[in-house]
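Notes to accompany the following structure.
The values are calculated or read from the model by the stated rules, or taken from the named source; none is laboratory data. These numbers come from a predicted model, not from an experiment. Positions of Cβ are generated from backbone atoms using ideal geometry, with glycine treated the same way; all protein chains shown enter the neighbour counts. Side chains included, ligands, DNA and RNA excluded: accessible areas come from the protein's heavy atoms. Shrake-Rupley method; radii C 1.70, N 1.55, O 1.52, S 1.80 Å.
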Amino acid sequence: MPKIKLPDGKNLHFKNKVTGFQIAEKISKSLSKQALIISVDGELKDLSFEIEKDCTVKIITSKDSEGLDAIRHDTTHIMAMAVQEIFPGTKIAIGPAIKDGFYYDFSRKEPFTPEDLEKIEKKMREIVEMDKPTRREVWERKRAKDHYKKIGEDYKVQLVDSIPGDEEVSVYYHGKWYDLCRGPHLTSTGKIGKFFKLTKVSGAYWRGDSKNEMLQRIYGTSWPSKQELEDYLKRIEEAEKRDHRKLGKEMDLFHFREESPGSVFWHEKGWNLFQKLISYMRAKQDEAGYKEINTPEILDRSLWEKSGHWEKFGANMYTSTTPDEKVFAIKPMNCPGCVQVFNQGLKSYRDLPLKMSEFGKVHRYEPSGALHGLLRVRAFTQDDAHIFCSEDQITEECLNVTNLILEIYRDLGFENVILKYSDRPDLRVGDDNVWDKSERALLEAIKVSKLEYSVNKGEGAFYGPKIEFVLRDAIGRDWQCGTLQVDLNLPARLGASFVDKDGSKKVPVMLHRALFGSLERFIGILIENYAGKLPFWISPLQTVVIPVSSEFDNYAKEVNKKIKKNGISSEVDLKNHNLNYKIREHSLSKIPILLICGKKEVDSNTVTIRRLSSEKQENMDLNLFLKKHSALSKAPSN
RNA sequence: GCCCUUGUAGCUCAGCUGGUAGAGCAAUUGAUUUGUAAUCAAUAGGUCCGCGGUUCGAAUCCGUGCGGGGGCACCA
C-alpha cells in the first residue's frame, strides 16, 4: 500500500505496487504523455520502475534538467546502436549526456567521416521511427563480464569491473540492441523525438588518461523541441561570430604566424589597446599603493633550481644555452625575479606590506594542441604583482586585491564574477597551523567580499591556498582570469627576510596576484564579450572623420586635428571612395564613432555622428562634441 | 603531446577522376565628387606551406616535417 508524496505536498495512495508511469497517469493524462523518467526519493528511475514503499516522487519531463539529460542519454544510446549496425565490429566505451548534448566513445580502426555522421544520423532516425520499447535487465556481475569478454567489448568489461560492489549491474535493451548502463532511460526509442543532430568527431583518451589509447568520440546535441534545437544552433553560430581570431583580423589588431606559434604579432591598433589597458591598470595600481618594477626575461638556471621551477615547471620552460655553455631560462613566471628585487637591500617590518607590480612578459612552452588564439598562448604579459606582508596582514591584503579586481572588472563591463577557492592539496609544504592561518585569512576575505564562491577541495598550489576569479561574459560563458595565491614557501626558498619589531629576521608572506591574468587573454575575452564593439574609451581608434566628398577634405582634416588635440584617437579618411563605402568599411572594422562632414556641417561648424551599430544620425556642434567625448575617451579611473 | 581535419594571391574561397592556376574583395592607376553598410574600368599580383618520393608530367597521389582548426590530454 505505497503512499506517494508529490512535489506539491499532495499524497496519492495505491493499493498495490505502482510504476512511475501509472503515477503520472493518475496525476494527469498530459503529464503521462510528457513524463520521461521519475525521481523516487531523489533517485532517478525508469518510468517502469515499480514502487512498493512509501516515498516522495517527482515526474521528470523535458522541462527538468534531469529530463533533458535523460533525452540526451537516450539519444547517445541510439547513436551507439546506429553505429554498431552500420559499422559492425566497432567497440563501444562510454556515452554520457553533457552540457548541451552528448557523446559516445568508440573504438574502430577507420576514422568516422562527416559522411559517416550523416549515415549514422539517418539510421538513428529510423531507429526512432521504429519506436522500440526499452527494457532493463539486471545481470549477475560475472555473467556481464563473461558476456562482454566473449563478444570482445573490452571497454565494457573494464566498466563492469568499476561498478561499485553494492550496485546492481544493469543492461538496457532498446529493441534488440543493448548496453551496459546505470540508466535511467526513456520507455522507448521513439521518445527522444526528432530534434537531434550529430555535430563533430574527435579523439578522446579512454578514461580521460593520455596514457591510454585514443578512442573516437562522436558529439551530438538533442532537444525536446525544434525551437530549442534551433536556438542552440543559433547560439553556436553567434559565438562563432564573436571569435576573437576572426574579429582580430577584421579589426586589424594582431596576427599569428608560423615562425612563432602561440606568440602574438600585435598591430598598431591591437598594441594601442594593449597599452591602454596597461596604463589604466597602472593608474589603478598606483592608487592602490603598488610600486611597479621590472625584472629580466632571462635568468640563470640556478635561480630556477632554487625556486623549484626547474623541477616543477621545467617541462613548460624555454631554456637557452649561450656560446660559453651557460644555461639560462626564459622566465615562465615573474615571482623569482620579484623576490630578488625584494632581497636587494634590507627590509623592515615598516616596509610591509610591500606591493610590487610588474607587467612581465613570460614564456611558457605550452603543448601545441593547447594553443588557441589569444586565449592560450606561449608568450604573454601578466599584470602581475607580489605583495610581501606579515602573516597578520594576509586577510586585509587579500581583501584589497579582491576589491581591486572587482572594480577593474566592473570598469571593463563584467559585473558577474564568481570565485573559486582552492584549499590545501595533499602534496604540500609548510606546517598545518600556517595553512590554517592562510586558509582562514583567504576565506575571510572572500566572505567579506560577499561574492558567490565554490570550493575546490585540495586544489590549491603546493605552497598555499588560492582564489581564482571567474567572470561571465555577455553570452554566458565563464572565463578564468585573475588569481590570488598565498605563498609561504617561495620567500623562504629564495632567502627573503625582513627585520621585525624585535630586531629578529623573519620570512615575509608573499601574495601572488594577477588581475586580468594575461593581457593577451583578457583582450581576447574583451573582444568576444563585446563582439568587437569595444567601449569607446578602450577602442584603439575612436573616431574616423569622413568628408562627404573631396570638396570637404579641408574641413574634415581640421575636425580630425581638433579631435586629436582633445585626446581622442582619430583618423580622417580622404580616400577616393564614396560615403557608403567608407561607412561600411569602418563599421566592419568596429570604429565606435564616424563623423560625417559635408556642406551642412561646414556651414554650421558641426559634425554628423554615426555610432557603431546604429543607423541614427545625430548632428552636433563640433565644440559640443569635443566637450562631450573627450572625457568619455579616457579610462574610467583617470 | 594524441586523434581527426586542413594549408592555393594581402583576405575569403574555386580548381572533377594527375596535363605547371582562377573568382570576388583588397592593392595600384584612371575616371567619378559622391549625404549614411560595396561607383565603374584597367593593371599588377602565386616556390599552390617546406622537404622527399611515384610519374613522361604533381596544386592534385604517397611519405615526412611545419602551421591552422575541432576535440582529448595539459594549463589555469
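A few points about this structure:
- The condition (being among the hydrophobic types (A, V, I, L, M, F, W, C), at pLDDT 95 or above and farther than 27 Å from A:Gly524 by Cβ) is satisfied by just one residue among A:Val499, A:Val486: A:Val499.
- Taken residue by residue, the stretch A:476-487 has at least one member that is part of a strand (DSSP E or B) and open to solvent by 40 Å² or more (accessible area, probe 1.4 Å).
- Qualifying residue in the stretch A:458-466 (condition: at pLDDT below 90, under 24 Å from A:Val401 (Cβ atoms), outside any helix (DSSP H, G or I) and out of contact with any strand residue (DSSP E or B) (no Cβ under 8 Å at 6 or more places or on another chain)): yes
- Here the stretch A:118-140 is the region considered, the condition is being open to solvent by 70 Å² or more (accessible area, probe 1.4 Å) and under 11 Å from A:Leu180 (Cα atoms), and the residue that is nearest to the chain's Cα centre (by Cα) is A:Arg136.
- Filter pass, A:Asp553 being of a type in the set (Asp, Glu), more than 8 Å from RNA strand B (Cβ to nearest atom) and either closer than 25 Å to A:Ala631 by Cα or open to solvent by 90 Å² or more (accessible area, probe 1.4 Å) (or both): no
- Within the stretch A:247-273, the set of residues being surrounded by fewer than 17 Cβ atoms within 10 Å (Cβ to Cβ), assigned to a helix (DSSP H, G or I) and within 16 Å of RNA strand B (Cβ to nearest atom) comprises A:Lys249, A:Glu250, A:Glu268.
- So A:Asp502, is it of a type outside the set (Phe, Trp, Tyr) and without any contact (Cβ under 8 Å) to a residue 12 or more places away in the chain: yes
- Where helices (runs of 4 or more DSSP H) fall entirely within the stretch A:293-354, those with at least 2 residues that are outside the structural domain of A:Glu391 (by TED's automatic domain parsing) and touching a residue at least 40 places away in the same chain (Cβ under 8 Å) are at A:301-307.
- Filtered by the rule that a residue be of a type in the set (Gly, Ala, Ser), within 11 Å of RNA strand B (Cβ to nearest atom) and not in a helix (DSSP H, G or I), the stretch A:579-638 gives A:Ser589, A:Gly598, A:Ser613, A:Ser614.
- Positions within the stretch A:192-206 being outside any strand (DSSP E or B), of a type outside the set (A, V, I, L, M) and closer than 29 Å to A:Ser225 by Cα, in sequence order: A:Gly193, A:Lys194, A:Phe195
- Residues being touching a Pro at 6+ places or on another chain (Cβ under 8 Å) and in a helix (DSSP H, G or I) - total across the stretch A:397-439: 5
- Helices (runs of 4 or more DSSP H) wholly inside the stretch A:1-117 containing at least 3 residues that are of a type in the set (A, V, I, L, M), open to solvent by 70 Å² or more (accessible area, probe 1.4 Å) and under 30 Å from A:Asp231 (Cα atoms): none
- Residue match in the stretch A:419-427 (condition: of a type in the set (Gly, Ala, Ser), crowded, with 19+ Cβ neighbours inside 10 Å and more than 26 Å from A:Gln340 (Cα to Cα)): yes
- Selected residue (criterion: surrounded by the fewest Cβ atoms within 10 Å (Cβ to Cβ)) from residues of the stretch A:190-234 that are of a type in the set (Ser, Thr, Tyr) and in contact with a strand residue (DSSP E or B) (Cβ under 8 Å, 6 or more places away or on another chain): A:Ser202
- Residues satisfying the stated conditions in the stretch A:142-161, i.e. assigned to a helix (DSSP H, G or I) and closer than 25 Å to A:Met214 by Cβ: A:Lys145, A:Tyr148, A:Lys149, A:Asp154, A:Tyr155, A:Lys156, A:Val157, A:Gln158, A:Leu159, A:Val160, A:Asp161
- Subset of the stretch A:351-380 (residues that are more than 15 Å from RNA strand B (Cβ to nearest atom) and in contact with a Phe, Trp or Tyr (Cβ under 9 Å, 6 or more places away or on another chain)): A:Asp351, A:Leu352, A:Pro353, A:Leu354, A:Lys355, A:Met356, A:Ser357, A:Lys361
- When the test is whether a residue is on the phi > 0 side of the Ramachandran plot and surrounded by 17 or more Cβ atoms within 10 Å (Cβ to Cβ), A:Gly360 does not pass it.
- Residues that are in a strand (DSSP E or B) and either over 24 Å from the mean Cα position of the chain (by Cα) or of a type in the set (A, V, I, L, M, F, W, C) (or both) within the stretch A:377-396 comprise A:Ala379, A:Phe380, A:Ala385, A:His386, A:Ile387, A:Phe388, A:Cys389, listed in sequence order.
- The single condition among (1) away from RNA strand B (no atom under 11 Å from the Cβ); (2) open to solvent by less than 60 Å² (accessible area, probe 1.4 Å); (3) assigned to a helix (DSSP H, G or I) that A:Ala531 does not meet is (3).
- Scanning the stretch A:304-315 for residues that are out of contact with any Leu (no Cβ under 8 Å at 6 or more places or on another chain) and buried (at least 17 other Cβ atoms within 10 Å of the Cβ) gives A:Trp304, A:His309, A:Trp310.
- Taken across the stretch A:274-289, residues that are of a type outside the set (Ser, Thr, Tyr), under 22 Å from the mean Cα position of the chain (by Cα) and open to solvent by less than 30 Å² (accessible area, probe 1.4 Å) do occur, with at least one present.
- Residue pairs meeting the criteria (Cβ under 8 Å; at least 6 apart or on separate chains; first on the phi > 0 side of the Ramachandran plot, in the stretch A:70-94; second in a loop (DSSP other than H, G, I, E, B)): A:Gly89/A:Arg108
- Looking across the stretch A:145-157, just one residue is open to solvent by 30 Å² or more (accessible area, probe 1.4 Å) and either of a type in the set (A, V, I, L, M) or modelled with pLDDT of 95 or more (or both), and that is A:Ile151.
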